[in-house]
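Working notes for the structure below.
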Amino acid sequence: MQYKKWYYETAVAAGTETIHFLPGSNEVDPQLARQYQAHLKATGDLTTLALFNEVVELPK
């Protein structure tokens with residue numbers, strides 16, 4: 001749920017949801033999970049980061 005909250009907060013701040021899409025498409029960027037991980041690290045939310053890492057499958 002925290003991921004969805006972050007997703008929409010960043011989209012609202014940018015004024016568009018397309019910041020999370022691959023250029024020229026409506027597909028979510030596969031690197032978005034890494035961006036969220038970086039956000040969690042930057043904010044020091046290590047508990048949420050640990051939980052997120054347990055459930056996310058990152059692209060290779």
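Quick look at the values:
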| item | result |
| --- | --- |
| Cα→Cβ-extended label distance, 7 Å offset, between Glu9 and Gln31, nm | 2.3 |
| Å² per residue, accessible surface of the chain at 1.4 Å | 74 |
| Spin-label model distance (nm) - Glu54 vs Met1, 7 Å beyond Cα toward Cβ | 1.6 |
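The values are calculated or read from the model by the stated rules, or taken from the named source; none is laboratory data. The model shown is predicted, which means the values in this text are computed figures rather than measured ones. Virtual Cβ from ideal backbone geometry, glycine too; neighbours counted across all protein chains shown. The accessibility values were calculated without ligands, DNA or RNA, using every heavy atom of the protein model including side chains. Shrake-Rupley method; radii C 1.70, N 1.55, O 1.52, S 1.80 Å.
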